[in-house]
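*Asks:* Provided herewith is a single structure, encoded as C-alpha cells, for subsequent inquiry.
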Amino acid sequence: MGRNHTIAGSAGLFALAAGLTCAPPASAQEATEASQDIVVTAQRENETQVIRKGGLGALGAKDAMEVPFAIKAYSETLILNQQPLTLGQVLENDPSVRTSLGFGNASEQFIIRGFPLFGEDIAIDGLYGVTPRQLVSPELYDQVQILNGASAFLFGAAPGGTALGGTVNLQPKRAKDVDTNRVTVNYQSDAHFGGAFDFGRRFGQDNAFGVRINGATRSGDIAIEDEFRSSTVLGLGFDWRSDRARASIDLAYQRVKVRHMRPMVQLLGVTVVPDAPDADSNYGQDWNYTTIRDIFGILKFEYDLTDEIMFYASAGARDTAERGNYQSFTVVNGATGAARVTGSTIPRNDNNEAGQVGIRGKFTTGPISHEFNLGGSHSRYVNRNAYGFSPAITTPNNNLYDPIDVPEPNFNGGLQGGDRDDPFPVNRTRLSSLFASDTLGAFDDKVLLTLGLRRQNIHVRTYRANAVTVPTPQPAGSLSVDYSESATTPVVGLVVRPTERVSLYANRIEGLAQGPTAGAGTLNVGEVFPPFKTVQYEIGGKVAMGRFNASLALFQTDRPQALNEVTPAGTVFTLNGQQRNKGVELSFDGEPVDGLRIIAGLSVTDAKQSRTTNGATDGNDAIGVPEYTANANVEWDLAFVPGVTLTGRVMQTGKQMVNLTNTLDLPEWTRFDIGARYVVAVADKPITFRFNVDNVANKRYWASSLGGYLVQGMPRTFKTSATIEF
C-alpha cells in the first residue's frame, strides 16, 4: 500500500503543479491591477473560518459574548478549504471534540467534554431528528455550530439519548445578497474523485426572494486499503423576506455508501492492548457494506408582531432507508492479534417529524430589560428494523496483523428478529416539551441573567421483534413496553460584561435522557426508570479584540450511571452510580498579524467513576475520555508570493482508558497535517487550487477507545481540489 500512497501523492502533486503551470503569471510585474485585486479579494474571503455565534435553540441565534455558554461555528469557507469527507473531519478542528466510530456499522460519533454525541443527535437549524442519522456530508451546510456543554433546556432531549456534553447544530446554506457561482473538482488518495457546485441568487424587489442550490458527488477508494466510499448530496433552499416576515424551505437528499470498511476492534479476554497495525491496513471484509439514503427538509417562518415581539415556527422531517452487511472484529489475544470475525445484517427505515413554535420578545420594567421566550416543541420518530446475526465463532478465524477474507456468513444461523424483507416498527418515540425563559438585563445590559425552564415528556413504545408465548402468546410486532415519563430541566446563566470586549459568565444547566429498564436477573426486572438528568456547572470568560477571539471555561458535569447493586435479598438494578467529568477548555482564533491566522485550543478533562458496584472501580478514569486534547491550525499568506497560503495543523490527544478497571489504556498520539492554497485570476475570475496532506507522517495509532472498543486513526491522505468562482 505504501507504493499506492506514493503514486497518489505524486498524482496530487502533479495535479497541483499542472494547475500552477497552466495558470497565467500572477507576479506584480506581469499581472494586471485588476487581476491583483481579484486575487487579493479571493484570498481574503478565505479568512472567515471561525464564527463566534450560533443558534441556541429556545434562545435563538446569539453572539457568543452575550450568552453564558461556550459556542462557536466553523464556516463553509473552512469546509471548502479542508475538503472533508464527513462531518467528523470538520469537528476535528475543535480542540474539545474528538471523533470515533459507531458500534459495528459505518457511522460517526463524537466525544465532547468526555461524553458521546451520536450522529442521530445532531441538530439542523435547531431541530433534532432531521439530520441524516449515521454519516453527514458537510458540503450542504453554511455553518457547523458547536455548543460545549449540556443543552436540555436549549434544544430539549436528544432522541438518541446523548448530547449530554455538547451539541452540534447545522445551518443550511441560503442565498446571499451577492451572487454565488462556484464549481469545484477534487481528488483524495488513493482513487477518490468528485466535484461540487454551488449557486445562489436573490431577486425581486429589495432582493426579497432567494434561492440556493448546491450539490456534490464523490466516489472511489480512500487511503485505507481497498475501502470504498461514495456520497451524493443535493440541497435546495428557498427563502423570502419582507419588512415583517421571513420564510424559508430547505430540502435535501443524501446517499452514502461504504464498502469494505475498516471496522472498530473489540477486545475479549486480552491482557494487553494490541499495537495498532499499519496505518492503511484494512482488517474488514469484502462483504461488509453500508448504504444509507436520506431525504429531509425544514420549513421555517418568522413574523414580527411588533418591533419587539416575534412569532416563529419551524417543522422538519426525514425519511431514511439503511441497508448493509456489518461485521464485528474481536481480538482475543492482544500480543499476537488473533481475532474472530462475525457478521450481521440490520435493515432499517426511519420516519421522523419534528416541530417547534414560540414567541420571543423584549420589554423593559424600569431599569431592567427583559428578553423572553415562550414556546413548545414536539417530535415523532418511528424506527422500523429487523436483524439477523451469524452463528457465534468461538475460535479465532482471523488476525489483526495478517487479515484474511472469510466467507460471507449465514445471517440466518444466529439470533433473528423482525421481517428483514419488510421491517415493521420496533420503536416509536414522542418527545414533547414546553419552555419559558427570561433574560434580565441591568446596567445597560452589562449584566444579563437568564432563567428558564423546560418541561419535557418522553414517550417511548417498543414492539416485539419476535412472537412470544410466555406468559401469554404475543405476536411479532405487538407492544412490549410503553414508557411515558416527564422531567423539568432548568437553566440559570449569568453574563457580566465589564467592557464591550470582555464577557464573564457562569451557568447551571442540565442534560436529559430516557431512563433505562431493569433487565433479567435483577429483583426489579422490568422496572422503568424516569428520565435521568446530568447536572453541569460552568464558569468562564471570553475576549473579542477584533483581530482575535479567546475563551476560557471551567466545567463540572455529573452523570448518573446504571449499575447492579448486590443486597442481602439479591441483585437490584439502580441508577445510583455516577461519572463526574471536570475540566478546563481554552480556545483561540484570529489573525494576530496580517496574513497569519490561527485556530488553537486545549481541553483537559478529568473523568472519574464513583459509587460503582461494591466500590470496585471508584476513583478510576472513565472509558474513552482523553486526559487532554489540543489543536493548533495555522495559515500564512505569503506576502512575497501573491496568492499563496501555507497551512498546517497539529492534533494531540492524551491517554485514554479502555476498561473500567483501568488495566488497559491507549497511549497519547499526535498527528500533523500540512497544505497549501494558491489563488490566481484567469479571465478575471478567481481560481483556487488546494493541496493538503493529513497525517503527513503516516502515523499508526488508536484514535479512540470510547465504548470500550478501538478505532484506528486515518492513514496519510492526499487531497487536491480546484475551485472557480464566476
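Any read-out appearing in this document is the output of simple, stated calculations on the displayed coordinates, not a laboratory observation. For clarity, every value in this text was computed on a predicted model and none was experimentally measured. As a convention, Cβ positions derive from the backbone with ideal geometry for all residues, glycine included, and neighbour counts pool all protein chains shown.
*Asks:* Ranking Asp694, Asp422 by Cβ neighbours within 10 Å, fewest first, what do you get?
*Replies:* On the way: Asp694 26, Asp422 10.
The fewest-first ordering by Cβ neighbours comes to Asp422, Asp694.
*Asks:* Okay, next question. Given bins 10 angstrom wide, list per bin the percent of all Cα-Cα distances in the chain, short to long.
*Replies:* Bin by bin from 0 Å, the calculated values are 3, 13, 24, 28, 20, 9, 3, 0, 0.
*Asks:* Something else about it: Once you've got the Cα coordinates, tell me which of Lys53/Lys176; Lys173/Lys699; Lys173/Lys533; Lys176/Lys257; Lys72/Lys446; Lys176/Lys300 are over 24 Å apart. Before the final figure, lay out the partial values.
*Replies:* Details: Lys53/Lys176 18 Å; Lys173/Lys699 36 Å; Lys173/Lys533 34 Å; Lys176/Lys257 32 Å; Lys72/Lys446 21 Å; Lys176/Lys300 17 Å.
As for pairs spanning more than 24 Å Cα to Cα, those are Lys173/Lys699; Lys173/Lys533; Lys176/Lys257.
*Asks:* Three principal axis extents, largest first, for the C-alpha atoms of segment 175-314, in Å?
*Replies:* In descending order, the Cα extents are 67, 36, 23 Å.
*Asks:* Right, another one. Tell me, what ³J(HN,Hα) does each residue in segment 144-151 have, in order and in whole Hz, if you take phi through Karplus 6.51 cos²θ - 1.76 cosθ + 1.60 with θ = phi - 60° and put x for Gly and Pro?
*Replies:* Residue by residue, segment 144-151 yields 10, 9, 10, 9, 7, x, 5, 8 Hz.
*Asks:* Just want the answer: with Cβ charges of +1 for Lys and Arg and -1 for Asp and Glu, which residue in Ala630, Asn383, Phe443 is farthest toward the dipole's positive end in segment 2-725?
*Replies:* So the residue furthest toward the plus end is Asn383.
*Asks:* Using the 10 angstrom Cβ neighbour count as an exposure proxy, how do Glu66, Glu527 rank, fewest first? Before the final figure, lay out each step's value.
*Replies:* On the way: Glu66 21, Glu527 15.
Ordered by Cβ neighbours within 10 Å, fewest first: Glu527, Glu66.
*Asks:* For segment 2-725, calculate the relative contact order in percent as a whole number, restricting contacts to Cα pairs under 8 Å that are 6 or more residues apart.
*Replies:* Numbers: 2131 pairs, mean separation 87.8, N = 724.
Across segment 2-725, relative contact order equals 12 percent.
*Asks:* What size of dipole, in debye to the nearest 20, comes out for segment 2-725 about its Cα centre when the only charges are +1 on Lys and Arg C-beta atoms and -1 on Asp and Glu C-beta atoms?
*Replies:* Values: 65 positive and 75 negative charges, 190 e Å.
Taking the Cα centre of segment 2-725 as origin, the dipole is about 920 debye.
*Asks:* Given +1 on the Cβ of Lys and Arg, -1 on the Cβ of Asp and Glu, and no further charges, what dipole in debye does segment 88-175 carry about its Cα centre, rounded to the nearest 20? Can you show the working numbers first?
*Replies:* Numbers: 5 positive and 8 negative charges, 19 e Å.
About 80 debye.
*Asks:* Determine the distance separating the Cα centre of segment 349-398 from the Cα centre of segment 304-328; give it in Å without decimals.
*Replies:* 9 Å
*Asks:* Treat every Asp and Glu Cβ in segment 628-675 as -1 and every Lys and Arg Cβ as +1, leave all other atoms uncharged, and give the resulting dipole magnitude about the Cα centre to the nearest 20 debye. Show your work: numbers first, answer last.
*Replies:* Details: 3 positive and 5 negative charges, 22 e Å.
Dipole magnitude for segment 628-675 comes out near 100 debye.
*Asks:* If you don't mind, there's one more thing I want to ask. Among Glu92, Glu353, which comes first, second and so on when ranked by fewest other beta-carbon atoms within 10 Å? Mind dumping the intermediate values first?
*Replies:* Values: Glu92 24, Glu353 16.
Exposure proxy ranking, most exposed first: Glu353, Glu92.
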